[in-house]
Protein chains: 2
Amino acid sequence: MHLFYAPDATQGLLTLSEEESMHCARVLRMQPGDKILISNGKGFLFDTIIEITHPKKTTVICGSERPGLDHWPYGVHIALAPTKNIERTEWFIEKATEIGIDKISLFFSEHSERRVVKTDRLIRTAVAAMKQSVKSRLPEINVVSDFEELIRNSSESQRFIAWIDESVNLELADAVEPGAMVLVLIGPEGDFSPGEAELAKTHGFVPVSLGKSRLRTETAALTACHTVHLVNQLKKQ
Amino acid sequence: MHLFYAPDATQGLLTLSEEESMHCARVLRMQPGDKILISNGKGFLFDTIIEITHPKKTTVICGSERPGLDHWPYGVHIALAPTKNIERTEWFIEKATEIGIDKISLFFSEHSERRVVKTDRLIRTAVAAMKQSVKSRLPEINVVSDFEELIRNSSESQRFIAWIDESVNLELADAVEPGAMVLVLIGPEGDFSPGEAELAKTHGFVPVSLGKSRLRTETAALTACHTVHLVNQLKKQ
């Protein structure tokens, strides 16, 4: 069944946004009486029947809310320096949303080649991936311009910095504890500066390796996200 | 240090291919005396000094071979139905090569929307990713037109089919044994046909789930690849 996104959905009558109305009425050519699924992006799904199709204001009748399956008793927060080619960051957001992620933070690092990101486009990527993979939750995406602000304000119980340095022998998969709220920092193409790594360490971030492979920023971010899920699946047994 | 690919590299004098010569001489503007690394794609790296730069036939002097770090005592073979949008398959090949994979097979399934793939382009994607991530091994990429041929000729000790069916409760991460040669089949956008799933089961393929998320073909293929590596890291302990 097709999933639509309506952040303010509640039981009863609901008008879809212009974008979702267009998708429903014109792209998919759905008809009154057709059943669709609505996600509020906050963890709940609604079984819904279309009342009126209209390219700008399609109305539906929402049934009672039910929790989605994409809840987990731990936290996955990945913070990365956006890539020079922004499509690679968008790709990460799409894939992480499919696999499941709670929060994505974008920060600018000393070695960042990119200093501007358009959040709107990144959120659209996440919404599309949420719809495609039938998720009830939309990851929180926030841009933190200052690296130090990110470091100081993080409250996760397990905080890691993926630091490309031969002296780092601890692997993320070995360090993650099941059930923990986890934040992993992923640096830019040119890696973190020594000063940034030092600052993170001072604030309790543990340097970890993501394995022997030299991974691109977006690949590192995605494997870190998947690692937290798999560790929780395998270590709890 | 920059990595170049020369499948026939041996100790001594070597002429790079036209493509690699162009990359070395024109794109990177390297000079005689500069040091580069060469991968033969078969597990070995060579420390090398450039003798003559030339846009079509750059010559280098290769030192003795040494094994790369990208060897593992198990096997990762992912077979997938190529996606309708071939860029998604190329993306999988790039990311799997970065993370590490032994073999990629592409097959055509009853529900495949794509029936043709250009292997040359896919191999170029793998070579670029191998160079970028400083790998000594190039994954084997082969196109198997007939699904039944793939099923009959597979010899891996652990064979799985990622089958999107509510009755499948076994998860890949729980099923993979460390040290095993693993093959995972990933279906097309429209999933395997019941007949294909039955055929695979008859030939010893075990249906597995990749978790509760509905993943795109290329995301499923990549998470399966990463899962085999992580299980080997975590379960051996």
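The values are calculated or read from the model by the stated rules, or taken from the named source; none is laboratory data. This is a predicted model, so every value here is computed, not measured. Virtual Cβ from ideal backbone geometry, glycine too; neighbours counted across all protein chains shown.
Annotations
- Residue in the stretch A:108-119 that is modelled with pLDDT under 95, in contact with a Pro (Cβ under 9 Å, 6 or more places away or on another chain) and among the hydroxyl-bearing types (Ser, Thr, Tyr) present: yes
- Positions within the stretch B:142-160 being in contact with a strand residue (DSSP E or B) (Cβ under 7 Å, 6 or more places away or on another chain) and either more than 17 Å from B:Pro82 (Cβ to Cβ) or within 14 Å of chain A (Cβ to nearest Cβ) (or both), in sequence order: B:Ser154, B:Glu156, B:Ser157, B:Gln158, B:Arg159, B:Phe160
- For B:Cys62: the one exception among (1) in a helix (DSSP H, G or I); (2) modelled with pLDDT of 95 or more; (3) within 25 Å of B:Ser17 (Cα to Cα): (1)
- Test: A:Ile78 is in contact (Cβ under 8 Å) with a residue 40 or more places away in the chain and touching a Cys at 6+ places or on another chain (Cβ under 6 Å): yes
- Residues located in the stretch A:136-155, provided they are buried (at least 19 other Cβ atoms within 10 Å of the Cβ) and more than 16 Å from A:Phe92 (Cβ to Cβ): A:Ser136, A:Arg137, A:Phe147, A:Leu150, A:Ile151, A:Ser154
- Residue pairs whose Cβ atoms lie under 7 Å apart, sitting 6 or more positions apart in sequence or on different chains, and linking a residue in the stretch A:210-237 that is more than 9 Å from chain B (Cβ to nearest Cβ) and touching a residue at least 40 places away in the same chain (Cβ under 8 Å) to a partner that is among the hydroxyl-bearing types (Ser, Thr, Tyr) and buried (at least 24 other Cβ atoms within 10 Å of the Cβ), are A:Leu210/A:Thr223.
- The test for being within 14 Å of another protein chain (Cβ to nearest Cβ) and touching a residue at least 60 places away in the same chain (Cβ under 8 Å) does not hold for B:Pro139.
- Flag if B:Gly204 is within 14 Å of another protein chain (Cβ to nearest Cβ) and in contact (Cβ under 8 Å) with a residue 12 or more places away in the chain: no
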